[in-house]
Amino acid sequence: MSIQQTPTPIEPKQLTPKQKPTGFMLFVQKCKEQKVLLLMSLPFLIWLFIFRYVPLYGWTMAFQDFRPARPILEQDWAGWKHFEFLFTDPRFFEVLRNTLAMSFINLVLGFVTAITLAILLNELRNLTFKRVVQTISYMPHFLSWVVAAGLVSYTLSLENGIINIILTNLGIVKEPILWLGIGEYFWGIIGASDVWKNVGWNSIIYLAAITMIDTEQYEAAEIDGASRFQRIWYITIPGMKTVIVILLIMNLGYILESGFEAQYLLMNPMNMDYAENLDIFVLRYGISMGNFSLATAAGIFKTVVSFIFLFSANSIAKRLGEARLF
Amino acid sequence: MNLLKKLTGKRRSVDDLIFDSVNVVLMLLLCVVMLYPMLNTLAVSFNEATDSVRGGIYLWPREFTTYNYAHVFGESQLLHAGMISVLRTVIGTGLSVFCTAMVAYTISRQYFVMRKFVTIAFVLTMYLNGGLIPTYLLMRELSLIGTFWIYIIPGLIGVFNLIVVRSFIEGLPETIFESARIDGAGEFTQFFRIALPLCLPVIATISLFVAVFQWNQWFDVFLYNSSRPELSTLQYELMKILQNSNASMTSRTAADAFASAQGQSQNVVTPTSIRAAMTIIVSVPIICVYPFLQKYFVKGLTLGGVKG
Amino acid sequence: MIKKNLLLLLALSLLLIFAACSNSSDSSTDADSGEDGEVSTEPVSYHVFNATAGRDLDTNTTRIGKLFEEETGVNFNIEYLVGDLNTKVGVMVASGDYPDVIVPDAAIDTLLDAEAFIPLNDLLEEHGQNILDAYSDYLHMFTHDDGNIYYIPFGATVNEYIPNPNIDQGAFWIQRGVLKEYGFPEVNTLTEYFEIIERYAAENPQIDGMNTIPFTGLTYDWRFFAFSNAPNHLAGYPNDGGVMIDMDTHEATVYADSDYAYEYLKTLNEANAKGLVDRELFVANYDEYLAKLSSGRVLGFFDYGWQFGDARNALRDAGNPDREFMALPIVFDGVDYDQYLDPPAFTSNRGMGITTSAENPERIVQFWDNMIKEENQKLIMWGFEDEHYSIAEDGRYFRTDEQLALASKEEERNETGMATFEWSWPRLNGTFSDGNAVEPRRQPEVAFADYSDGDREYLEAYGISTFAELFAQPDDRPWYPVWSANIEQGSPQQIFEERTDELLRRHYARIVLADPADFEKEWEDFVNAYRSLDVDAYENFFTEVVENRLNGEW
């Protein structure tokens, strides 16, 4: 798959240039020439503006003591109060640490495992087997986290948990381990659960990328005597690179979204120092108290962080000469 | 060993043999780990609810019953809601995929004047959220509340999907488009006749993403259409049944009221058993439809022909 | 070619516009206004939003609802909450699109703040004499500062108060086999409780091939209060929430870091050192907790009865009455008597209100007024005579085994409408004028008939006729329950409670599981952290609530 972007565009209709227009006139002229492209995208730009940008007026709520009973312009103004509540909470940095740590672990594990699975599936020679494995691999994705967390908790339990049974029978540990009772293990447990639940689903997009690779390349490589690993390294992975980089940049923007349900459901008094993340904090002090202002303030904070990560990642990709988001 | 041979297919060298064997064994292990939760859920869904409270159900029900399903399907609304779900999944997916792909095509064209602007305008919204109440009020202004279109219009284009499709189209050899243009094809033809068919794997992928999203959605029903039972969806009806089975446990303050229902009546369904049945009911259609999409991203595809 | 594309785009845009313009048909009521003073009985349907869980229905599809419709012409289309309450009510209030009637549960403040409810005073005066009579003792509790009544709470106790013969509230529970083994001893103090458990566990390290769990508890998520409320009960106080109210000075004090909590945690810490405490006490989720209880290998735990009904059912189905649990009124040494049983309580900050959207609200009040009549309350609570209950010659109501079975069937309760009307509507508590209990479960005849042979063995052994008789009668506490005080959303009190909850979960676990040598240090840590919150303000708030309530201001 060629990811080279042709630098010299060819206009759909070559008009005989009378004189080279510049600036705004150039823009207008180009718009005229590309009216089909404009028609194909502008209606959706309007849609985007209405459905995604208009509601942003709601951000004013973050600076108000918002009460749903009143129109948004008749609220009491609160200044930075809600941001202050958020940032000065004694637990804020612990919460932020947990959020970043789990998010980072999930990001790295999620990418590596999904890509690996896609490659391994691609290397299977029997097409039926490949399809069956692929189908089975995404099944946990359809379990709600309530069901999935129940299974995770059971798997890790003291007496009946398969993990402890295996470990004690192999003599690796003498006493069964109280996995969910040790805070330090929590991030790992969340990471592993997330991989288990989503790896099959996440690998679909990479499988799609692999199918776009020209099979002739593999045939040529085989004739040249390239080994399996060489073929993976020099053909499959480069073929997926654009998608990987694009997804990576987009996901870096979600760095403060470490998930919510898994943490909430697996959290307990013994591991909560490591489990509570930003979303849980906002749930406790914002949404469940009907405090929409605090929830909005936290949302703004997340957006700011997202943008920082997004633009940094994008410009790094640009500098490295990789595919980029925009 | 024979099976292994069959699964690993014809091989060429010792390295290959080792690689294939290890790979197949790994994949079989993966199947066990990934299949177990579904089988376990299936077993629980067919197990008597009160007995399930005791735990320890693995692959087979201990006290078999179909009551959990009977209870769920006893809800008269369910069939109609299922039809709405199918409708929103089909219409929602079709429209969304088409529109997403079309916009993706425009921003994949390097020479498009608005390319950068449109791309950034879309990308930023991934991380922007005006919040629940302003969004609700907007939908109200647009008179979308209480209509079927609230399921379709607000989520018409998924930005994530948009960017993914764009990068696939960008990956297509530019020469194909060039020769099409020389043959006099306009932008829409290039999109419809070249980009769309050549990107079938990614189109299939995002169709799957959108379809599953639409199929599982219940929050918009809850928020916008909860007083319009004729527009209720399968997931929402199932959530209702689940919530109802939760009734005895939801509220501390109303404890006294619920205790009376509990002290006297034996609970024949529990949230756990309902949830298991729900999971199966919702997943089965997806798993049935899946193979039709799967063929597009599991089989290899040769571009050689069109490259010509 | 371009024309074709344009057409397509045009079609798409039209679709968008069409979608935007297609109006939702309004589902509000279509009632014609009745003549002044006269209330018509022509059919009308109102939309009810109920913020608790239930099964959506039209009330006239139930037998009782049909009767009521015949009498008043009113039908209700009830929609129950499915997702998050604050979200739903938030958008409802922000948009002003109210259903006709709302049962807002915990979101009542938001709706009052939005002035969503209409004042009911005049309507009650004119059409609701039965309601005014039934609630006469309580009217001041839900009349607001502006002199208006905006909603009708549930459960006005009339005539005589009957405590529940079974324990569905807090208690220390013990596996009945333990009591039987040692000849049905009286177990009253925490020390005695742990002694007998320790002894049994030592003699029976395994039950049915599984390791015995001497003591466990419920600590998962918000249910943690079932663990942290225990010291309050051990000290001989009923569940007033996070504070205990002194009977003489009427002062509210928190008990989270009191000597009672210290003693409770110390006992658990020692028990833990002896290996009596479930290692997964602070790890198990709710399902795992229920699974443990129903396995029959748990000897004791503290919990509220309504939280483990499923486990009780599973144990009953298993068919070994000695593995079931019995509630004990455990207190600390030196506490005279327990106060586990709830005093007569009236929850004044929950109710059903009529919104500004409702046309002809008098029709709704008329419906309420009809349903609160004694004969209709009997229908709702007891069902139909000779189907769901029978009347003995002396006028006492009872249920035969068949009637008990029928009246407890979920389908039957849905079909008759008992499940729909028994809560979330104006209703009575206590006894009817003929002396029968309003709620069948509180009628001793019914409770006794519902006991199994296994239950009777224990009742006889302890010389009691209901399990509640082991417990002391509730003292008179006119302020009870303090937790029903109006704590505003996002107020300092609410934030204090949230922070307390976090601290308790984190520290209580550490304190109980600490090496006994570190116990004091962990306790100190907790007290310091806890006292860094504004405890005094919280206590003062509730002291004031008690004071006001004693002065008749609710």
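No lab work stands behind these numbers, since they all come straight from the coordinates. Please read all numbers here as calculations on a predicted model, not as lab measurements. Note: ideal-geometry Cβ built from the backbone for every residue, glycine included; neighbour counts use all protein chains shown.
Summary of computed values
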{"read-out": "Among A:P176, A:P140, A:P238, residue whose mean-square fluctuation peaks in a GNM of chain A (springs only between Cα atoms under 10 Å)", "value": "A:P176"}
{"read-out": "Exercise: per-residue mean of other protein chain Cβ atoms within 10 Å, B:104-114", "value": "6"}
{"read-out": "Whole-number Å³ per residue for the convex hull built on Cα positions in the protein assembly as shown", "value": "192 Å³"}
{"read-out": "Neighbour net charge for C:N272 - beta-carbon separation under 13 angstrom, K R +1, D E -1", "value": "-3"}
{"read-out": "Under 12 Å, Cβ to Cβ, from C:A114 - net charge with Lys/Arg +1 and Asp/Glu -1", "value": "-2"}
{"read-out": "Neighbouring partner chain Cβ atoms per residue of C:313-321, average, 10 Å criterion", "value": "4"}
{"read-out": "Antiparallel content of DSSP bridges confined to chain C, in %, to 5", "value": "55 percent"}
{"read-out": "³J(HN,Hα) computed for each position of the range B:80-88 - Karplus, 6.51 cos²θ - 1.76 cosθ + 1.60, integer Hz, glycine/proline x", "value": "4, 4, x, 5, 4, 4, 4, 4, 5"}
{"read-out": "Amide H within-cut-off set for C:V331, under 5 Å, with H built and near neighbours excluded", "value": "C:T189, C:L190"}
{"read-out": "Summed residue charge, Cβ within 11 Å of C:D518's Cβ, Lys/Arg positive, Asp/Glu negative", "value": "-3"}
{"read-out": "Under the Karplus curve 6.51 cos²θ - 1.76 cosθ + 1.60, θ = phi - 60°, whole-Hz ³J(HN,Hα) for the range B:237-243, x wherever Gly or Pro sits", "value": "4, 5, 4, 4, 5, 4, 4"}
{"read-out": "Sparsely packed chymotrypsin sites (Phe, Trp or Tyr not before Pro) within the range A:13-121, loop by DSSP, other Cβ within 10 Å at most 12", "value": "A:W80"}
{"read-out": "Most mobile listed residue (A:I172, A:I308, A:I300) in chain A, GNM with C-alpha springs under 10 Å", "value": "A:I172"}
{"read-out": "20 Å Cα-Cα threshold exceeded, pairs from A:K318/B:K116; B:K240/C:K378; A:K302/B:K116; C:K292/C:K409; C:K66/C:K378", "value": "B:K240/C:K378; A:K302/B:K116; C:K292/C:K409"}
{"read-out": "Cα long-axis angle, helix C:63-72 against chain C (0 to 90 degrees, to the nearest 10)", "value": "40 degrees"}
{"read-out": "Electrostatic dipole magnitude of the range B:76-245 [Cβ: Lys, Arg +1; Asp, Glu -1; Cα centre; debye, to 20]", "value": "160 debye"}
{"read-out": "Under-5 Å amide H pairs with A:Q64, H placed in peptide plane, nonlocal only", "value": "A:A78"}
{"read-out": "FRET E, pair A:R70, B:S143, Förster distance 30 Å, beta-carbon r, rounded to 0.05", "value": "0.85"}
{"read-out": "Given charges at Cβ of Lys, Arg, Asp, Glu: the range B:76-245 dipole, positive-most of B:L198, B:F188, B:L162", "value": "B:L162"}
{"read-out": "Point-charge dipole on Cβ atoms (K/R +1, D/E -1) for the range A:92-319, about Cα centre, debye to 20", "value": "300 debye"}
{"read-out": "Between the range C:300-352 and the range A:44-91, the Cα center-to-center distance that results, in Å", "value": "45 Å"}
{"read-out": "Helix-only [θ]222 nm of the protein assembly as shown, DSSP H runs n ≥ 4, -39500 (n - 2.57) each, per residue, nearest 500", "value": "-16500 deg cm²/dmol"}
{"read-out": "Cα Rg, Dmax, the range B:76-245, angstrom units", "value": "18.8, 65"}
{"read-out": "For the range C:450-472 and the range C:489-554, distance of Cα centres in Å", "value": "37 Å"}
{"read-out": "Compactness of chain A as Cα Rg over 2.2 N^0.38 Å, two decimals", "value": "1.29"}
{"read-out": "Average Cα contact separation per residue, chain C, under 8 Å, 6 or more apart, as relative contact order %", "value": "22 percent"}
{"read-out": "Sequence-distant residues sharing a close amide H with C:G170 (under 5 Å, placed H)", "value": "C:G305"}
{"read-out": "Highest-MSF residue in chain B out of B:S85, B:S13, B:S52 [GNM, Cα springs under 10 Å]", "value": "B:S13"}
{"read-out": "Shielding score for A:64-74, defined as the mean number of other chain Cβ atoms within 10 Å", "value": "5"}
{"read-out": "Largest-first principal axis extents, alpha carbons of chain B, Å", "value": "80, 66, 31"}
{"read-out": "Alpha carbon Rg of the range C:144-268, scaled by the compact-globule rule 2.2 N^0.38 Å", "value": "1.42"}
